[in-house]
Amino acid sequence: MRAHNPLRCVPWRRAATGRRWWVLPVLLLLTGCELTDVEVEPLPDMIVAGVTVVLTVDPLDPSRVDTRASALVTRFRRQWAHEVPGASVRIVGESGQMLPLAEVSDPLETCVTPLYGFRRPPAGSCHLAAVPGTHFAPGERLTLTVTLPDGGILTGESTMPGLFTAADLSLEAGRCRLDPNTGYRFDWARSAGSWGYIAEARFAGLGKLWNGEYPLHLVVTLRGADETEALFPRDFLLEVSDVQTSDLYRVLREGLPVGASAEVAVGAVDRNWANWTRVGRIDNYGEVNIPSVFGDGTGWFGTAVRWKVEVESRGARDADLPLCGPAAVD
């Protein structure tokens, strides 16, 4: 997608530089909603709402869809972040279906997911809704209403991206194996109406390569609706330039080490999401993004359609899982 001047978007094929961030489970993809960073510096006494709806499809059976929505509503006063208890969040589709989001306690445990490196995010009131089925449909226009405790109203609209799935991927119960220390190229069909893709991976079994407090979680942004492939795991390292001299980086450049595994998710994102995010995460530090939530505050209302798989690095003798597909050829 083309970069907007105030955004200074980073092309996905280049490594991004900058700080280490936390992200709100918004796609992100891996829990159904986790693509948003919440480090924000708006003007004092400002309400900021970050709201997403993510449809998760089975890559082998697109008729199986789950719906998940999340919202983080934050009041910034003198650049300090505060929760907004008692706010009401609801999303309505063109079909008339309404999805209310329930406020949950301890948003920093429920709504925030760490990426590579850690930084304590600001507070906010977290709202969640999860529906085991199709509540909204790909391509449907959705309307957001956030009602604040003092009667203030924030609104936004988004059109869900179109349905898309992985190509030529062999799975069993959502899992497949990769040959150790080899790359795999994920390919997918283009999603109608999308403005880009965000791919994520959460790793396990890395042994001494990763001794962080939390699982290694990497994100890469593919800017443009026609960017429909990503080399795993190499391309997932493009936005963590601060580890390029580490053993972890050198190993993952070649593939997953034997015994390691990863949950991989790819999501097609709408215009609102693309206009608000950079390098896979919201990064408002000193920058102005393009909002899609208006009224008595600001923020963004993004939607995504995603699929996810679990890959395991095993030798040829471990044949209880199908091979995801042929190894990538650079």
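The values are calculated or read from the model by the stated rules, or taken from the named source; none is laboratory data. This structure is a prediction, so every number in the text was calculated from the model and none was measured. Reconstructed Cβ throughout: ideal geometry from the backbone, glycine too, with neighbour counts over all protein chains shown.
Just so you know, in segment 65-90 the residues that are of a type in the set (A, V, I, L, M) and in a strand (DSSP E or B) include one that is modelled with the highest pLDDT, and it is Val89. Within segment 213-235, the set of residues being assigned to a loop (DSSP other than H, G, I, E, B), touching a residue at least 24 places away in the same chain (Cβ under 8 Å) and in contact with a strand residue (DSSP E or B) (Cβ under 9 Å, 6 or more places away or on another chain) comprises Glu213, Tyr214, Leu216, Gly224, Ala225, Glu227, Thr228, Pro233. Being surrounded by fewer than 19 Cβ atoms within 10 Å (Cβ to Cβ) and either of a type in the set (Ser, Thr, Tyr) or closer than 21 Å to Pro59 by Cα (or both) is the requirement here; does Ala230 meet it? It is false that Ala230 is surrounded by fewer than 19 Cβ atoms within 10 Å (Cβ to Cβ) and either of a type in the set (Ser, Thr, Tyr) or closer than 21 Å to Pro59 by Cα (or both). Counting the residues of segment 187-204 that are surrounded by fewer than 23 Cβ atoms within 10 Å (Cβ to Cβ), assigned to a loop (DSSP other than H, G, I, E, B) and touching a residue at least 60 places away in the same chain (Cβ under 8 Å) gives 2. Scanning segment 148-177 for residues that are assigned to a loop (DSSP other than H, G, I, E, B), out of contact with any Gly (no Cβ under 9 Å at 6 or more places or on another chain) and buried (at least 17 other Cβ atoms within 10 Å of the Cβ) turns up Phe164, Thr165, Leu171.
Remark: pairs (first residue in segment 160-180, closer than 20 Å to Pro257 by Cα; second residue among the acidic types (Asp, Glu); Cβ separation under 8 Å; 6+ apart in sequence or on different chains) = Arg175/Glu310; Arg175/Glu312; Cys176/Glu310; Cys176/Glu312; Arg177/Glu312; Arg177/Asp318; Leu178/Glu312. Scanning segment 268-284 turns up no residue that is at pLDDT 95 or above and touching a Leu at 6+ places or on another chain (Cβ under 7 Å). Take Gly93 and tell me if it is surrounded by 16 or more Cβ atoms within 10 Å (Cβ to Cβ), at pLDDT 95 or above and over 30 Å from Cys324 (Cβ atoms). Yes.
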